[in-house]
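Novice: Below is the structure I would like to discuss, written out as structure tokens.
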Amino acid sequence: MTVRIQMVRFALVGAANTGTYYAFYLLLLTRLPYVAAHVAASVLSMIGSFFLNSWFTYRTRPTWRKFLLFPLTNAANFVITTVGVYVLVDVLHFGSRYAPLIAAAGAIPITFVVSRAIMLRPDPGPRKGAPSAESPREGAGHVTAAGAP
């Protein structure tokens, strides 16, 4: 699969993820301050983003290692959007309902580069004494939707 196709798929997943994030954000905004709603919505949407990017964008099997590294793909996004939301709301006096959408635009290219590096990085070989890929324990070490944390 070409990088261009991955970028298109990443954008589609990003659009779906943004919608999911924003729905959670608005729901949580009814009960929480805007920063707390932003943080909680980000974590929830990040989990969905991991699986969509694994299966759809990069066509790679989700593993616990990738799942644990995946927040790095969102760390830059999270910092940029959190600072952006704060600046837009508290400094520039934008409304808290739309600030996250504006702040997210600057984080997209950085998130793609980091995401691609993590998701396409080969997992290390089995440790001495660990089950190999041919082990009868099918699926060991792989994250499934039902087994997601």
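The values are calculated or read from the model by the stated rules, or taken from the named source; none is laboratory data. All values derive from a computational prediction rather than experimental measurement. Cβ coordinates were reconstructed from backbone atoms using ideal geometry, including for glycine residues, and neighbour counts include every protein chain displayed. Note: accessible area is taken over every heavy atom of the protein model, side chains too, but ligands, DNA and RNA are not part of it. Shrake-Rupley method; radii C 1.70, N 1.55, O 1.52, S 1.80 Å.
Novice: What is the residue count in segment 51-64 for residues that are farther than 26 Å from TYR98 by Cβ and touching a residue at least 60 places away in the same chain (Cβ under 8 Å)? Before you say what the answer is, go through the steps one by one.
Specialist: In the first step, residues of segment 51-64 are kept if they are farther than 26 Å from TYR98 by Cβ; the result is 51, 54-64.
When the remaining residues are screened for being touching a residue at least 60 places away in the same chain (Cβ under 8 Å), the result is 51, 54, 57-58, 60-64.
Within segment 51-64, residues that are farther than 26 Å from TYR98 by Cβ and touching a residue at least 60 places away in the same chain (Cβ under 8 Å) number 9.
Novice: Which pairs have Cβ atoms under 9 Å, sit 6 or more apart or on different chains, and link a residue in segment 109-125 that is in a loop (DSSP other than H, G, I, E, B) to one that is of a type in the set (Val, Ile, Thr)?
Specialist: Once the first residue is in a loop (DSSP other than H, G, I, E, B) and sits in segment 109-125, its partners that are of a type in the set (Val, Ile, Thr) give LEU120/THR60; ASP123/THR63.
Residues are listed down the side, and each one gets a yes or a no for (1) open to solvent by less than 50 Å² (accessible area, probe 1.4 Å); (2) closer than 16 Å to ALA15 by Cα:
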| residue | (1), (2) |
| --- | --- |
| LEU32 | no, no |
| ALA40 | yes, no |
| PHE56 | no, yes |
| ARG65 | no, no |
| LEU72 | no, no |
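Novice: In this structure, is ASN53 under 16 Å from the mean Cα position of the chain (by Cα), of a type outside the set (Lys, Arg), part of a helix (DSSP H, G or I) and modelled with pLDDT under 90?
Specialist: Values: under 16 Å from the mean Cα position of the chain (by Cα): yes; of a type outside the set (Lys, Arg): yes; part of a helix (DSSP H, G or I): yes; modelled with pLDDT under 90: no.
Criteria not met by ASN53.
Novice: If you check THR18, THR30, which single one turns out to be at pLDDT below 90, more than 30 Å from PRO124 (Cβ to Cβ), among the polar types (S, T, N, Q) and not assigned by the TED database to the domain that holds VAL89?
Specialist: Values: THR30 fails: at pLDDT below 90.
Being at pLDDT below 90, more than 30 Å from PRO124 (Cβ to Cβ), among the polar types (S, T, N, Q) and not assigned by the TED database to the domain that holds VAL89 holds for just one of THR18, THR30, which is THR18.
Novice: Quick one: in segment 90-149, of everything that is within 20 Å of VAL39 (Cβ to Cβ) and modelled with pLDDT under 80, which residue is surrounded by the fewest Cβ atoms within 10 Å (Cβ to Cβ)?
Specialist: Here the answer is PRO149.
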